[in-house]
Amino acid sequence: MHLFPAERRARFVTVNTCTGDDAAARQIEARTGGSVESMEGAAVAHVAALYGIPAGEIRGISNRAGNRDRSTWRVRDAATAAQQALLEWLTTS
């Protein structure tokens, strides 16, 4: 079962904190054009760029940036989607 498209590309934005409300999330999106906040992947992308190594990130997204209402998070679905995307990539690459 695919919960999300098998491959979907989006611009990530690195942040040094979680965006805690919808207005702040909209401001970051307007300023950067980014669709996804990613604190963890930024270091890998930075080092890869420094050394000229192609890099990408497969990420399951469990929640919207903004309001931190954890009752709406879909962590298990996001993990399953990321696993499926990785397995598909491995078998087709």
- prompt: For Ala42, which of the numbered conditions (1) under 17 Å from the mean Cα position of the chain (by Cα); (2) modelled with pLDDT of 85 or more fails to hold?
  reply: (2)
- line: Ser71 fails exactly one of (1) loosely packed, with under 13 Cβ neighbours inside 10 Å; (2) modelled with pLDDT under 90, namely (2)
- line: Per the filter on the stretch 67-82, residues assigned to a helix (DSSP H, G or I), in contact (Cβ under 8 Å) with a residue 12 or more places away in the chain and not β-branched (Val, Ile, Thr) are Asp77, Ala78, Ala79, Ala81, Ala82
statement: From the option list Arg59, Arg31, single residue qualifying as open to solvent by 90 Å² or more (accessible area, probe 1.4 Å) and basic (Lys, Arg) is Arg31
field: Subset of the stretch 1-17 [farther than 21 Å from Ala43 by Cα, open to solvent by less than 100 Å² (accessible area, probe 1.4 Å) and either at pLDDT 55 or above or in contact with a Lys or Arg (Cβ under 9 Å, 6 or more places away or on another chain) (or both)]
entry: Leu3
field: Among the residues listed as Ala25, Ala85, the single one being small (Gly, Ala, Ser), open to solvent by less than 90 Å² (accessible area, probe 1.4 Å) and either touching a residue at least 60 places away in the same chain (Cβ under 8 Å) or assigned to a strand (DSSP E or B) (or both)
entry: Ala85
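Residue-by-condition table, conditions (1) outside any loop (DSSP other than H, G, I, E, B); (2) free of Cβ contacts under 8 Å to residues at least 24 places away in the same chain:
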{"residue": "Asn16", "(1), (2)": "no, yes"}
{"residue": "Gly20", "(1), (2)": "no, no"}
{"residue": "Arg31", "(1), (2)": "yes, yes"}
{"residue": "Ile53", "(1), (2)": "no, yes"}
{"residue": "Ile58", "(1), (2)": "no, no"}
{"residue": "Ala65", "(1), (2)": "no, no"}
{"residue": "Trp89", "(1), (2)": "yes, no"}
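The values are calculated or read from the model by the stated rules, or taken from the named source; none is laboratory data. Because the structure is a prediction, the values reported are computed rather than measured. Positions of Cβ are generated from backbone atoms using ideal geometry, with glycine treated the same way; all protein chains shown enter the neighbour counts. We work out accessible area using only protein heavy atoms, side chains counted, and drop any ligands, DNA or RNA first. Shrake-Rupley method; radii C 1.70, N 1.55, O 1.52, S 1.80 Å.
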